[in-house]
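One structure is given below, encoded as structure tokens.
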Amino acid sequence: MMQRTQFIDPGRCIGCQACVAACRECDSHRGRSMIHLDYIDVGRSVASMPTVCMHCEDPIAPCAEVCPADAVLVTADGVVQEAAKERCIGCANCVHACPFGVPKIDFEEKLQYKCNLCYDRTSVGLAPWCATVCPTGAIFYGTLEELLAQRPNAVVSDIVVFGEQEIHTGVAIVAPSGYARDWIPGGLP
Amino acid sequence: MSALRRSTEDAAAPRGLDVAASAAGVAAALVTLAAIYLGSRRLRDFDAALIGYATATVFLAFGVVYRYVVWVQSPPARRYLVRGWGSFLSWRNFRDFPTLVPRELFSNLAFQTFIAKRGAGRWLAHQALFWGVTLATLITFPLTFGWIRFDVVPPGSRYAMYLGGVRTITFAPLTWLGWMIFHALDVAAVLVLIGCTYFLWRRFRDREATTGQRLGFDFFPLVALVAISVTGLLLTFDSALLDGQDYAFLAIVHMAVVVLTLVFIPFGKFFHVIQRPASVGVDVYKRTGLEREGVFHCRRCGAPVESAAFVRDLERTMQELGLRFGEWVETCPRCKRTQRGERYLEQVKRGFS
């Protein structure tokens, strides 16, 4: 987990779409929203879940590993950047290899876009847009200590398991108090 | 759970000298040397004043081929190299889709229409930069290799251009054609300066470009191109208006800037020039794959994912990389997220309780 990072708590998400609207303000992908807000069990539940880039650390993000053009760079602070514009060939390997379903692709531009932790803001000490506008704290930005100061009983995990593979992430997921495992299921049946 | 974690050693370990890449690089350097030697008629047409450029090009050949061979050894690049060239050179593809490759070469490499989709200004600037650099490359390399030379045709009113020792065209120096031939590099420099001016402006003012930009990777190439163009134009300025009084000094400065830029090509942003043609092969591979094998549909919702060949190949690539969730490729990104949400609801949050 990165020292100052996002903490995603799907249990707090009310599906208001504020994060989706605010994400469009990010300078690195102006006018396009990179956050995903999915309604999980439509018709039976109001559950919704935001998905940002998890900035995988294990040992290199899968999107970067499968890139044939070395276009996905990881900066020293652990942020997995969106594809370098001069290198990306628009093959979509990253789109389909990402276990979290994060990257998007514009085939006409031959360019991948993805959440880059609002690098224009976080690199100068500001919080990402989504965390700034989230009314319920489903997306929190700060250190683990700052999160626990506000939510002392929260359980935090930076390990997501997909079948036989665990992925360590730079962004953390919050579980309710009493959650016994140190990992979160990734959804792969 | 740590047993499920992949080793970080492979990714973190610094690479030693790559033997195969070194061998390929040395072979490329030797081929370049042989091409210079033979093309200049055993150095008879070689201009010793330009030896710095030729030497840098030999190092450039080594560096570019070394990096290329290292690059294509990674599983995803190797797979696309094989698939891309296979599709590009396929007689069956040419027969079934005769216009596909020419269209790709035209739109993707020559006119880079995908950049126009990113912004008209960026496209115009990149076109100016691209054609300027292409023109300069087509002139400079043959000239510094001694493949092309110019000589006076007796009694002295016309010039002749020799290619590999063979006389090609003759022209009067004070005509429009003569001016264009002797100032083609100036035209190239102006085109490059137009492109660089826009991109430098963007690097200072456009927050999309300034986010995460790096001095060595993003600024240095532009500064190098500006330095080459300005020092090149100064040579013309000096000879035209200052009677060439500082020409020797300016020529050395220009050569030093060009040499430094040439040997930098394999290491930085300029390498995208070598990588970009891969997109043609990938496009041909994906489009012909879609036509022949059809689309693969998401296992969960039935939405189209990609071509069946793409899905199969990406699963293999992930397997080779040690990513043990390759079958996840068969699920569309939205269903991946939704299923993760379902597991969170069932196993982590356990409903609203």
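Out of everything in region A:59-81 that is modelled with pLDDT under 95 and among the charged types (D, E, K, R), what residue ends up being surrounded by the fewest Cβ atoms within 10 Å (Cβ to Cβ)?
The selected residue is A:77.
Whether any residue in region A:58-70 is in a helix (DSSP H, G or I), under 18 Å from the mean Cα position of the chain (by Cα), within 7 Å of chain B (Cβ to nearest Cβ) and within 30 Å of residue B:327 (Cβ to Cβ) is what I want to check.
For region A:58-70, residues in a helix (DSSP H, G or I), under 18 Å from the mean Cα position of the chain (by Cα), within 7 Å of chain B (Cβ to nearest Cβ) and within 30 Å of residue B:327 (Cβ to Cβ): present.
Of all residues being within 16 Å of residue A:56 (Cα to Cα) and not in a loop (DSSP other than H, G, I, E, B) in region A:94-112, which is farthest from the other protein chains (Cβ to nearest Cβ)? Just the residue, please.
A:94
Name the residues in region B:232-257 that are part of a helix (DSSP H, G or I), farther than 19 Å from residue B:187 by Cα and not small (Gly, Ala, Ser), would you?
B:247, B:249, B:252, B:253
Residue A:33: polar (S, T, N, Q), at pLDDT 90 or above, buried (at least 19 other Cβ atoms within 10 Å of the Cβ) and in contact with a strand residue (DSSP E or B) (Cβ under 6 Å, 6 or more places away or on another chain), yes or no?
no
Quick one: residue B:319 ticks every box in (1) touching a residue at least 60 places away in the same chain (Cβ under 8 Å); (2) polar (S, T, N, Q); (3) outside the structural domain of residue B:89 (by TED's automatic domain parsing) bar one, so which box is it?
Of (1) touching a residue at least 60 places away in the same chain (Cβ under 8 Å); (2) polar (S, T, N, Q); (3) outside the structural domain of residue B:89 (by TED's automatic domain parsing), only one is false for residue B:319: (1).
Run residue A:2 past the list (1) more than 12 Å from the chain's Cα centre (by Cα); (2) more than 10 Å from chain B (Cβ to nearest Cβ); (3) of a type outside the set (Lys, Arg); (4) farther than 30 Å from residue B:317 by Cα and report the number of the one that doesn't hold.
Going through the list (1) more than 12 Å from the chain's Cα centre (by Cα); (2) more than 10 Å from chain B (Cβ to nearest Cβ); (3) of a type outside the set (Lys, Arg); (4) farther than 30 Å from residue B:317 by Cα, residue A:2 breaks only (4).
I'm trying to understand the selection: among the residues of region B:20-53, which are over 20 Å from residue B:259 (Cα atoms), polar (S, T, N, Q) and not in a loop (DSSP other than H, G, I, E, B)?
Within region B:20-53, B:22 is the sole residue that qualifies.
Considering only residues that are of a type outside the set (Ser, Thr, Tyr), touching a residue at least 24 places away in the same chain (Cβ under 8 Å) and out of contact with any His (no Cβ under 9 Å at 6 or more places or on another chain), which ones fall in region A:48-63?
A:53, A:54, A:55, A:62, A:63
Residue B:326 is checked against (1) more than 8 Å from chain A (Cβ to nearest Cβ); (2) farther than 29 Å from residue B:85 by Cβ and fails just one. What number does that condition carry?
(2)
Can you run down the residue pairs with Cβ atoms below 7 Å, 6 or more apart or on separate chains, where the first is in region B:327-350 and assigned by TED's automatic domain parsing to the domain that holds residue B:301 and the partner is of a type in the set (Val, Ile, Thr) and modelled with pLDDT under 95?
From region B:327-350, the pairs are B:338/A:40; B:341/A:40; B:342/A:40; B:345/A:40.
Only residues that are more than 8 Å from every other protein chain (Cβ to nearest Cβ) and not in a helix (DSSP H, G or I): list them for region B:311-323, please.
Residue satisfying the conditions is B:322 alone.
If you check residue A:121 against the conditions, is it in contact (Cβ under 8 Å) with a residue 40 or more places away in the chain and charged (D, E, K, R)?
yes
Give the residue that is surrounded by the most Cβ atoms within 10 Å (Cβ to Cβ), with candidates limited to residues of region B:212-235 that are touching a residue at least 40 places away in the same chain (Cβ under 8 Å) and of a type in the set (Gly, Ala, Ser).
This residue is B:229.
Residues that are in contact (Cβ under 8 Å) with a residue 12 or more places away in the chain: list the helices (runs of 4 or more DSSP H) wholly contained in region B:67-124 that include at least 3 such residues.
B:75-88, B:100-104
Please go through (1) touching a strand residue (DSSP E or B) at 6+ places or on another chain (Cβ under 9 Å); (2) within 12 Å of chain B (Cβ to nearest Cβ); (3) surrounded by fewer than 20 Cβ atoms within 10 Å (Cβ to Cβ); (4) without any contact (Cβ under 8 Å) to a residue 60 or more places away in the chain for residue A:151 and return the number of the only condition it doesn't satisfy.
All conditions pass for residue A:151, except number (2).
Give region B:158-183 a look and list any residue that's among the β-branched types (Val, Ile, Thr), in a helix (DSSP H, G or I) and farther than 21 Å from residue B:39 by Cβ, or say none.
The answer is none; no residue qualifies.
Working only within region B:329-350, note down all residues that are at the interface with chain A (Cβ under 7 Å from one of its Cβ atoms) and touching a strand residue (DSSP E or B) at 6+ places or on another chain (Cβ under 6 Å).
B:337, B:338, B:341, B:343, B:347, B:348
Output the residues belonging to region A:5-41 that are at the interface with chain B (Cβ under 9 Å from one of its Cβ atoms) and within 23 Å of residue A:175 (Cβ to Cβ).
A:10, A:11, A:36, A:38, A:39, A:40, A:41
The values are calculated or read from the model by the stated rules, or taken from the named source; none is laboratory data. A quick note: this is a predicted structure, and the numbers were derived from the prediction, not measured. FYI the Cβ positions are ideal-geometry reconstructions off the backbone, even for glycines, and counts take in every protein chain you see.
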